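All of the numbers you see were taken from the coordinates with simple rules; none came from a lab. A quick note: this is a predicted structure, and the numbers were derived from the prediction, not measured. Every residue, glycine among them, receives a Cβ derived from its backbone with ideal geometry; neighbour counts consider all protein chains shown.
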Amino acid sequence: MEKSEIIVNDFPRSPVSESFRLFRTNLLYLFENNESKVICLTSSNAGEGKSWVTANLAISCAQYGKKVLIIDADLRKGRQHRIFKKSNRTGLSDLLKNLRGALTEEDGQKIEEELTVKIQDTDVPNVYLLSSGPVPFNPSELLGTANIEFLLNLLRKEFDLIIIDTPPASIITDALIFANKVDYMFLVASSRKTKKELLLNTKKAIESVGGKIPGIILNQISTERRKEYSKSYQKYVIEK
Ligand SMILES: Nc1ncnc2c1ncn2[C@@H]1O[C@H](COP(=O)(O)OP(=O)(O)O)[C@@H](O)[C@H]1O
Ligand SMILES: [Mg+2]
């Protein structure tokens, strides 16, 4: 059996869950007194933990009573459905086809109907998933030409928090598509793997298209000092 990745659900008393609670507190503080509710996680490279952090952050916020939607926008290698053991027969990729150009209220109703089919609940109360869907022929073009704002505006009405999981920003431009459509972008960096220069370039690229980055999530902190490690498995740096 595959190892569970939803640590915050399975081991709520673990140090990992504790650091997600801290991140949650900071995030909700950032959201206070305004309408912000959509964030997007990306990183410079693959394997730095975007999908893992997305899933666990979503669970942590759901445990606090928030109704949370995860959108898996990694149309090539989406794996949120695997993390939550759900189907990926349909999802974001086949929704995007109907999200082109200027859309009317009537279109909105149709899309809302589609969303009720495509958004799945998970075994974790309050966590919902719009999985990536079948891998399309032209992922970047599909995302780039879709009316993402329209979709997000429909979803904002329904959820307290929306977290978008993306491919790495420095390799594929998909993450940049979301930068100016969400309230905040978070960069996930691995303290083992991420090169500082690449991280800074990614940050600049996001900011150059109008993305707001309130902080960087430092993941996969070194295991060298075992004791330290268990205390600070994750660290969230939110600079306002
Ligand atoms: N802090 C962490 N502790 C344990 N495993 C982690 C952690 N962060 C990521 N992983 C694991 O590392 C692998 C890559 O993470 P993933 O979230 O898929 O990266 P990305 O989405 O950025 O490509 C996965 O197997 C995930 O479970
Ligand atoms: Mg991923």
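For region 11-51, go through all pairs of different Cα atoms, get the mean of 1/r, take its inverse, and jot down that Kirkwood value in Å. Hydrodynamic radius (Kirkwood, Cα only) of region 11-51 equals 12.2 Å. Which of the residue pairs 67/97; 67/181; 37/77; 97/196; 67/196 have a Cα-Cα distance greater than 30 Å in the structure shown? Cα-Cα > 30 Å for 97/196; 67/196; rest within. Simple point charges give the picture: +1 on the Cβ of Lys and Arg, -1 on the Cβ of Asp and Glu, and for region 1-45 a dipole about the Cα centre of about 80 debye. Sorted from greatest to least, the principal axis extents spanned by the alpha carbons of region 1-117 come out as 47, 42, 28 Å.
Each residue, residue 204 and residue 21, gets one label point 7 Å from its Cα in the Cβ direction; the gap between the two is 4.0 nm. The relative contact order of the chain comes to 28 percent, based on Cα pairs under 8 Å that sit 6 or more residues apart.
In order along region 22-30, phi translates into HN-Hα couplings of 5, 4, 4, 4, 5, 5, 5, 5, 4 Hz, rounded to whole numbers, per the Karplus curve 6.51 cos²θ - 1.76 cosθ + 1.60 with θ = phi - 60° and x for Gly and Pro. Karplus-derived 3J(HN,Hα) values for region 66-80, using 6.51 cos²θ - 1.76 cosθ + 1.60 with θ = phi - 60°, are 7, 8, 10, 10, 9, 10, 8, 9, 8, 5, 8, 10, x, 9, 4 Hz; glycine and proline are entered as x. Bridgeable aspartates and glutamates around residue 85 (alpha carbons under 13 Å apart, same-chain partners fewer than 8 residues away excluded): 2, 5, 121, 123.
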